[in-house]
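Everything below concerns the one structure shown next.
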C-alpha cells in the first residue's frame with residue numbers, strides 16, 4: 001500500500017469533518033477515512049493509478065476568485081458556503097433552481113422533489129437570485145435554470161426574459177424535455193425570451209432505458225425536443241446519467257446518436273451516478289470516470305480512446321474529462337489527447353469554462369447573434385481563442401477567410417485532408433465530457449474549495465454544487481434543506 | 001551582383017533587393033528575421049536544393065526548424081513571399097512515388113536535377129492528427145515543398161488544433 005496524499009473529507013454517517021488518506025493498492029486508488037464515532041470507510045476512487053496520475057499531470061489552470069464573498073469564514077470549509085472568503089474559484093456556471101416540482105419520479109436524482117407549487121420562489125426572489133449572480137460572478141455571466149423540472153412553471157418565458165433584462169449573458173435550461181416536446185407554443189415563448197441552450201436529460205437511445213428509470217417511453221420525446229431546437233437555432237447538450245446496471249452498455253450509441261444530430265447537438269455531458277438524494281444505497285451501479293471512458297473506447301470500436309479525454313477545465317483534475325472530436329464520414333477524428341500534456345492557460349478556469357459553455361454549447365444561429373454580447377469574452381486573451389465555428393467560418397484576425405485558403409489550383413485531383421479538416425471543424429464537431437460529482441464517500445475538500453459550479457439559493461448565496469447536493473448515507477442534506 | 005550577394009545585404013546599408021512593406025510586416029508578425037531568410041536562401045543556392053519555376057523567374061527555398069518550416073519565394077531582385085507551417089511533413093501518402101492517374105507535373109522544377117517537380121499528396125502531422133495535403137515533390141521522393149496557398153490552409157488547421165487546448 002502506497003499513500004498518495006492526505007485529504008480532508010467527511011464522515012458518511014454524521015457529515016463531521018474527518019481526515020482521510022488516498023492510497024494505491026494493486027494499481028487502484030482508494031480513499032480511506034476514519035470517524036471517531038462511526039469507524040472506518042474505504043471507497044474506490046480509480047481503478048488505474050497510472051491514468052489517475054496522468055490526469056493530474058495534464059491539469060494546469062489559473063484561478064480567479066469571485067468578485068466578492070457573501071459569507072464569513074466561521075466554521076471552516078465546507079460549512080460556511082455562500083461563498084466564503086476562503087473559496088478559491090469564481091463561478092463558471094450558476095445554477096438557479098426555480099421549482100422543486102417535477103413531472104418524473106426517477107430512480108436516480110439528486111434533486112429533492114415535491115409537488116407543492118406554493119414552495120416555488122416568486123418572481124422577486126428569482127430576480128434577487130439573478131442579481132446576486134450579476135453582482136458576484138465576473139463577466140460574462142452564465143446561468144443554468146434548473147429544478148425540479150423548470151418547465152412545470154408557466155411563467156418560465158417571463159423568468160428567462162427577466163434574466164436577460166438583469167443582464168445575464170448566457171441562459172441555459174436544464175430539462176427532461178417532456179413539456180417542450182408536447183407544447184409548441186410554450187417552446188416558442190421560451191425560445192423568443194432569449195434562451196441560449198438546452199441541457200437535455202438523455203439517458204439512452206432505447207425506450208428500455210427510460211422505462212427503467214422513469215416508467216415512461218421517452219426516446220421520441222427527446223428526439224422531438226432536438227427537432228424543435230434545430231428549427232429554432234438553439235443548441236442542445238445531451239446529458240446522460242450513467243450507471244453500471246442501467247445504461248452503461250449504450251454510451252457508444254448515445255455518442256453516435258449525438259454525432260448524427262450535430263450541429264444542433266453540440267455535446268454529450270455524461271454524469272456518472274453519485275449517491276445523494278434518492279439514489280440506492282447499495283452502490284452497485286457506481287461508475288468511475290475511467291470505467292465510463294473505457295466503455296466509450298470499447299463501444300466506439302476504439303475511435304474515441306481513453307487517451308483522447310483530457311481533464312475538463314473544471315476545478316480539479318478529477319472532476320471531469322473532456323474530448324473534442326470532429327465527425328468524419330460517420331467516424332470520429334478526436335482532437336484532444338492526454339499525451340499532448342497540460343494546456344498552457346492564458347485565462348482562468350472559470351473564464352475558460354464559460355467560454356466553452358457559451359461558445360461550444362449554444363446554437364449556431366445564436367453564435368452569430370451573440371457576437372456583440374459575448375465577443376469580448378470569446379476573444380479575451382487572443383483572437384485564436386474563438387470557438388471553432390467562429391475561427392473558421394468568419395475567418396478570424398489570425399487567418400484569412402476559408403475561401404482564401406483553399407488550394408490554388410481548381411480541378412486538382414489531390415485530396416486536401418486539411419481543407420476538409422477545416423470544413424469539418426465549422427459544423428461537425430462534438431464535445432464529449434464526463435463529470436464526476438462527489439458523493440459523501442469520495443468527498444475531498446480540495447475539490448470543493450476550487451469548485452466553479454455554484455447553486456444560487458433563494459436567500460442569495462452561492463453553494464458549490466456538490467456541497468449543495470451532498471447527503472450523509474442516511475439522506476441528511478448538508479446544505480439543500482438548510483438553504484431553503 | 002548575384003541574388004546571394006544582394007540578400008547578404010538585407011537589412012544593411014545599400015540594400016537593393018526589394019522587400020515590400022507588406023512582406024516585412026508579415027515576417028515581423030511571424031517572428032521571422034531577415035537574416036534567417038537570408039540563411040535559408042544561401043543554403044539553397046549553394047546546395048542546389050530548391051525549386052525553380054518553369055519560366056526560370058522564381059525560386060522556392062525551404063528551411064526546417066524544430067517546430068517550424070519556413071519557405072522563401074524569391075526572384076533575382078526581390079524577396080516575393082515568406083510562408084510557414086508548423087506541421088511536420090512525414091512523407092508521401094501511401095509511402096512511395098507510384099505513377100499518378102492524372103497530370104501531376106507542377107509549375108516547378110527541382111533545381112538540382114532539372115526534373116519537373118510533381119504534385120502529390122504528402123502526410124502531415126500536427127498535435128496528434130495526421131492527414132494528407134497537396135505537396136510539391138521532387139522525383140527523388142524525399143524533397144517536399146508546399147505552395148503558399150496550401151500553407152495558409154495548414155496554418156488555419158493548426159489554429160483549429162491549437163484552439164482545442166485554449
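The values are calculated or read from the model by the stated rules, or taken from the named source; none is laboratory data. The shown structure was predicted, so the numbers you read here are calculated from the model rather than taken from an experiment. A quick note on method: Cβ atoms are made from the backbone with ideal geometry, for glycine too, and the neighbour counts reach across all protein chains shown.
Once the range A:304-327 is narrowed to residues that are within 22 Å of residue A:262 (Cα to Cα) and out of contact with any helix residue (DSSP H, G or I) (no Cβ under 6 Å at 6 or more places or on another chain), the residue that is nearest to the other protein chains (Cβ to nearest Cβ) is A:324. Inside the range A:6-46, residues that are farther than 24 Å from residue A:80 by Cβ and in a strand (DSSP E or B) make up a count of 18. Quick one: is residue B:133 without any contact (Cβ under 8 Å) to a residue 60 or more places away in the chain and touching a helix residue (DSSP H, G or I) at 6+ places or on another chain (Cβ under 8 Å)? Spelling it out, residue B:133 is indeed without any contact (Cβ under 8 Å) to a residue 60 or more places away in the chain and touching a helix residue (DSSP H, G or I) at 6+ places or on another chain (Cβ under 8 Å).
Selection of strands (runs of 3 or more DSSP E) fully inside the range B:18-134 by the criterion of at least 3 residues being crowded, with 20+ Cβ neighbours inside 10 Å returns B:59-64, B:69-74, B:79-85, B:105-110, B:116-126.
Selection of first residues in the range B:139-166 that are within 19 Å of residue A:426 (Cβ to Cβ) and at the interface with another protein chain (Cβ under 7 Å from one of its Cβ atoms) and of second residues that are at pLDDT 90 or above and surrounded by fewer than 21 Cβ atoms within 10 Å (Cβ to Cβ), restricted to Cβ pairs under 6 Å at least 6 apart or on distinct chains, gives the following pairs, ordered by first then second residue: B:161/B:126. Scanning the range A:437-456 for residues that are within 16 Å of residue A:71 (Cα to Cα) and surrounded by fewer than 21 Cβ atoms within 10 Å (Cβ to Cβ) returns a single hit, A:449. Summed over the range A:159-175, the residues that are in a helix (DSSP H, G or I), in contact (Cβ under 8 Å) with a residue 24 or more places away in the chain and farther than 14 Å from residue A:146 by Cβ give a count of 4.
Of note, residue A:12 does not satisfy the criterion of being closer than 12 Å to residue A:443 by Cα, buried (at least 18 other Cβ atoms within 10 Å of the Cβ) and touching a helix residue (DSSP H, G or I) at 6+ places or on another chain (Cβ under 9 Å).
Taken together, the criteria exclude residue A:226 from residues that are touching a residue at least 60 places away in the same chain (Cβ under 8 Å) and closer than 19 Å to residue A:262 by Cβ. Any residue in the range B:99-109 that is closer than 24 Å to residue B:44 by Cβ and within 13 Å of the chain's Cα centre (by Cα)? Within the range B:99-109, one or more residues are closer than 24 Å to residue B:44 by Cβ and within 13 Å of the chain's Cα centre (by Cα). Restricting attention to the range A:264-302, the residues that are modelled with pLDDT under 95 and surrounded by fewer than 20 Cβ atoms within 10 Å (Cβ to Cβ) add up to 8.
Here residue A:84 meets the list (1) at pLDDT below 90; (2) surrounded by 15 or more Cβ atoms within 10 Å (Cβ to Cβ); (3) touching a helix residue (DSSP H, G or I) at 6+ places or on another chain (Cβ under 6 Å) almost entirely, failing just condition (3).
Just one of the numbered conditions (1) part of a loop (DSSP other than H, G, I, E, B); (2) more than 24 Å from the chain's Cα centre (by Cα); (3) at pLDDT 85 or above; (4) surrounded by 23 or more Cβ atoms within 10 Å (Cβ to Cβ) is not true of residue A:459: (4).
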